[in-house]
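The values are calculated or read from the model by the stated rules, or taken from the named source; none is laboratory data. The structure presented is a predicted model; accordingly, all values stated were derived computationally and were not measured. Methodologically, a virtual Cβ is constructed for each residue, glycine included, from the backbone with ideal geometry; neighbour enumeration extends over all protein chains shown. Heavy atoms of the whole protein, side chains included, go into the accessibility calculation; ligands, DNA and RNA do not. Shrake-Rupley method; radii C 1.70, N 1.55, O 1.52, S 1.80 Å.
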Amino acid sequence: MEKHLFLAGHTACYGCGEALGARLVVDAAGPNIITTDATGCLEVFSSRWPQSAWAVPFVHSLFENSAAVASGVEAALKALGRQVEAKVIAQGGDGGTADIGLQCLSGMFERGHDILYVCYDNEAYMNTGVQRSGLTPYGSNTCTSPSGKVSWGNRYLKKDMPAIAAAHGVPYIATASVAYPKDVQAKVKKALSITGPKYIQVHVPCPLGWKSDPALTIKVAKLAVETGLYPIYEMENGVVTKVRKIPRPAKPVTEYLKLQGRFAHLFKKGGGEGEVKKIQQIADENIKKYGLLSEAAAKVAVEAEKE
Amino acid sequence: MKVILGGLAQPATSLANNTGNWRNERPVFLQKACTGCTMCAVICPEGCVYSVSKKVFTFDAKYCKGCGMCAAECPVDDIEMVMEEK
């Protein structure tokens, strides 16, 4: 087998996007890193005591303090004068980042630690049985935002975490998706070359929580980008500097929604069209806000296909 | 494996897990149209698909869970999922 820094034998589900995301991130970062991880799927399936899927130093923190533990690691490296020997990467799921770990993350940004924070965004608390988090998209059926006679699933919008990071004056912020592995790795490498706090949010499908076919993990992730629901961009010093263009015309959101059981109620129950329209509106707003549509449609479509 | 008390674990020890026995379907690399794009190896969540030579890929049966992502994403449909017979 090829040499990886995040190894096989971990107990993630079939077709797990997060396992793929974690491997891409640590492989890109290389062996000279120290990682921390908040409680969540990633920690549970990668560090089942007494085993570890990590070939790099790994600290499992509590749910809320991945960023704080990483801050301590970075401060210790500095105090020992050994900060050139290892980079620090803090990791967390969407719940451990946007809800429970937000205050520790904010502190890390504020103090300006030289840490890359990676958020694996699978859009709910999957580890504990699919409860909604701050990054769960509108209309998604989770067990704490169930669809039913009077409910259309999650009624809150996805928290704009990159904007929250930008408000702290973080020098480098990026969103990425496992559908574009090379892009994820390039962003990790670029982030590690910058001193100061960095934030990368990687969209990782969860076949269990999204009720999608495990084999279609990459296809689902790609559609999230191509419909405009998950814009991929880079922000440097608060300004959007690079945007991943999507083929023109953008795909309708129904193409993305229909692949997932968590949105099935929108198509089964009468009146779901209105909700789908609202989700389409979110995508349209993203397309407008980030200028996602490409100028030369055909060329980009061909390039996207290649990757 | 040496067990250390106190919540510590040795690195890279998950390799002892035989996750391959979760598998219902196994990928078959047809090796008819492979262009050597490495997509199957890059996107395998287990990281257990690897290249033998430039256009010949195979997988490690000890770890492959049979999710079918490699077969679904192969741009030239050169991978097929077949039912595992025991």
Filter pass, A:D114 being of a type outside the set (A, V, I, L, M), open to solvent by less than 10 Å² (accessible area, probe 1.4 Å) and either farther than 24 Å from A:K3 by Cα or within 14 Å of chain B (Cβ to nearest Cβ) (or both)
no
Need pairs with beta-carbon distance below 6 Å; first residue more than 7 Å from every other protein chain (Cβ to nearest Cβ) and within segment B:9-22, second outside any helix (DSSP H, G or I) and open to solvent by less than 40 Å² (accessible area, probe 1.4 Å); sequence gap 6+ or separate chains.
B:G20/B:Y63; B:G20/B:C64; B:W22/B:K65
Quick one: which of A:G134, A:G95 is crowded, with 23+ Cβ neighbours inside 10 Å and under 28 Å from A:L266 (Cβ atoms)?
A:G95
Close pairs (6 angstrom Cβ cut-off, 6 or more residues apart or separate chains): touching a residue at least 12 places away in the same chain (Cβ under 8 Å) in segment B:61-86, in a helix (DSSP H, G or I) and of a type in the set (S, T, Y) anywhere:
B:Y63/B:T19; B:K65/B:T19; B:M69/A:T217
Counting only residues that are in a helix (DSSP H, G or I), in contact with a helix residue (DSSP H, G or I) (Cβ under 7 Å, 6 or more places away or on another chain), open to solvent by 20 Å² or more (accessible area, probe 1.4 Å) and among the charged types (D, E, K, R), segment A:227-274 contains a total of 1
Can you confirm whether segment B:63-80 contains a residue that is more than 8 Å from chain A (Cβ to nearest Cβ), over 9 Å from the mean Cα position of the chain (by Cα) and open to solvent by 60 Å² or more (accessible area, probe 1.4 Å)?
yes
With the condition kept exactly as written, say whether any residue in segment A:189-206 is within 14 Å of chain B (Cβ to nearest Cβ), part of a helix (DSSP H, G or I), touching a residue at least 40 places away in the same chain (Cβ under 8 Å) and more than 20 Å from A:T142 (Cβ to Cβ).
no
